[in-house]
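A.B. asks: This is the structure, below, for whatever I ask next.
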Amino acid sequence: MNKIPRPRRSALYLPASNARAIEKARNLPADVIILDLEDAVAPEAKLLAREAALTALREGGFGPREVAIRVNALGTLWGADDLAAVACSGADAVLLPKVYGAADIDAAHAALAAAPPSMQLWAMIETCACIPQLNAIAARGSSTRLSLFVIGVNDLAREMRAHLTPARTPFLPMLSLAVAAARAHGLSILDGVCNEFRDLHVFGAEAEQGLLFGFDGKTLIHPNQITPCNAVFSPSADELAWADAVIAAFALPENAGKGAVQVDGKMAELLHLEQARQLRAIASAIASRS
Ligand code: COA
Ligand code: MG
């Protein structure tokens, strides 16, 4: 089944308590806006942030952007009320932090029983405990609203006591495992944030690394990261030229019924044809957005 892909190159977090940031987000070129009720919001501002997120969704104005609300974890003072409020908020997705295992997905899914069928559940991959459980968690995609993973590098670094450097060496195995688990169960997956929001050189290298690992896009903390991120995660002119050549080669009458053909001196199989069609589909989804 080929669904029209949703561009999710750039997903900008902002504290839902920050009215100025919400106002700006309505005109920023991010594909996804994540209104945060969790770690970017101080305990004393939690209730205000929840109300502000609900008001923002009621007022709308986010255009084609997907809007997600990151709730507080279910074990916290605010988690259950956040989920109940967000269920009827009109958000496209709820982002659940601090997932330890599949039971957390089931609990959030149950708490969203009143939400419309279109509301998705997204899960933060940011605890040490969830790493050996990635496959079981991703498998919940078939029985719950779960549709997307988001890497949380700051919490992973804190729990592991690892150092978060631009190369991200301690995290690379986890990034690969999370991408593989997501893909095994048909989920989308977004890379973690780059805290260095003033240094776009560091940011660009990290975004490229995420692309190499197979992420659909990257989560962001500052508006100046959006345009470079969109550029990295958009199909390049070379990729699109390759896709067109592969599609054209398989369409030739002499190649009818073949599983492998040659394109510009390289082998292309039916799996490459599928990849080529996906690239074209995501490129046209991006084009129709801008
Ligand atoms: N979303 C929307 N607008 C944002 C923004 C964001 N994430 N971050 C900054 N802005 C806006 C500011 O409001 C400011 O707008 P203005 O100048 O038009 O009034 C402009 O962009 C420039 O901001 P700047 O002064 O460079 O940054 P700052 O010092 O105000 O804020 C942070 C820096 C890191 C505190 C801020 O970017 C932020 O809160 N990021 C998101 C944090 C978050 O949500 N974390 C949770 C997930 S890790
Ligand atoms: Mg976190």
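The values are calculated or read from the model by the stated rules, or taken from the named source; none is laboratory data. Computed from a prediction, not measured in an experiment: that's the story for all the values here. Because the Cβ atoms are built from the backbone with ideal geometry, glycine has one as well, and the counts that use them run over all protein chains shown. Just the protein is used for accessible areas: all its heavy atoms, side chains included, with ligands, DNA and RNA removed. Shrake-Rupley method; radii C 1.70, N 1.55, O 1.52, S 1.80 Å.
A.B. asks: Percent relative contact order of the chain, based on C-alpha pairs within less than 8 angstrom and at least six residues apart?
C.D. replies: Relative contact order, the chain: 16 percent.
A.B. asks: Now for a separate question. Ignoring ligands and nucleic acids, what accessible area does residue 159 show with a 1.4 Å probe (Å², nearest 10)?
C.D. replies: Accessible area, nearest 10 Å²: 60 Å².
A.B. asks: Also, quick follow-up: Note down the magnitude of the dipole of the range 12-148 about its Cα centre, charges +1 on Lys and Arg C-beta and -1 on Asp and Glu C-beta and zero elsewhere, to the nearest 20 debye.
C.D. replies: The calculated dipole for the range 12-148 is roughly 180 debye.
A.B. asks: Straight distance only, please: which lysines reach the Cα of residue 258 with their own Cα at less than 26 Å, same-chain residues fewer than 8 apart left out?
C.D. replies: Filter leaves 3, 266.
A.B. asks: Turning to a different aspect of this structure: Per the helix-only calculation at 222 nm, which mean residue ellipticity applies to the chain, given -39500 (n - 2.57) for every DSSP H run of n ≥ 4 and division by its residues, nearest 500 deg cm²/dmol?
C.D. replies: It lands at -13000 deg cm²/dmol.
A.B. asks: Please sort by residue number the chymotrypsin sites (Phe, Trp or Tyr not before Pro) in the range 184-290 whose DSSP state is loop and whose Cβ has at most 16 other Cβ atoms within 10 Å.
C.D. replies: When the chymotrypsin sites (Phe, Trp or Tyr not before Pro) of the range 184-290 are filtered for loop state and at most 16 Cβ neighbours within 10 Å, 197 remain.
A.B. asks: Below 20 Å, Cα to Cα, which lysines can residue 98 reach? Residues fewer than 8 away in the same chain don't count.
C.D. replies: Partners within reach: 46, 218.
A.B. asks: Skipping prolines and chain starts, which residues have an amide H placed within reach, meaning under 5 Å, of the one on residue 146, given they are 5 or more residues away or on another chain?
C.D. replies: When sequence neighbours closer than 5 places are left aside, the close amide H contacts are 121.
A.B. asks: Further question: Could you sort the peptides 178-191, 20-33 by per-residue average Cβ neighbour count (10 Å cutoff), highest mean leading?
C.D. replies: 178-191, 20-33
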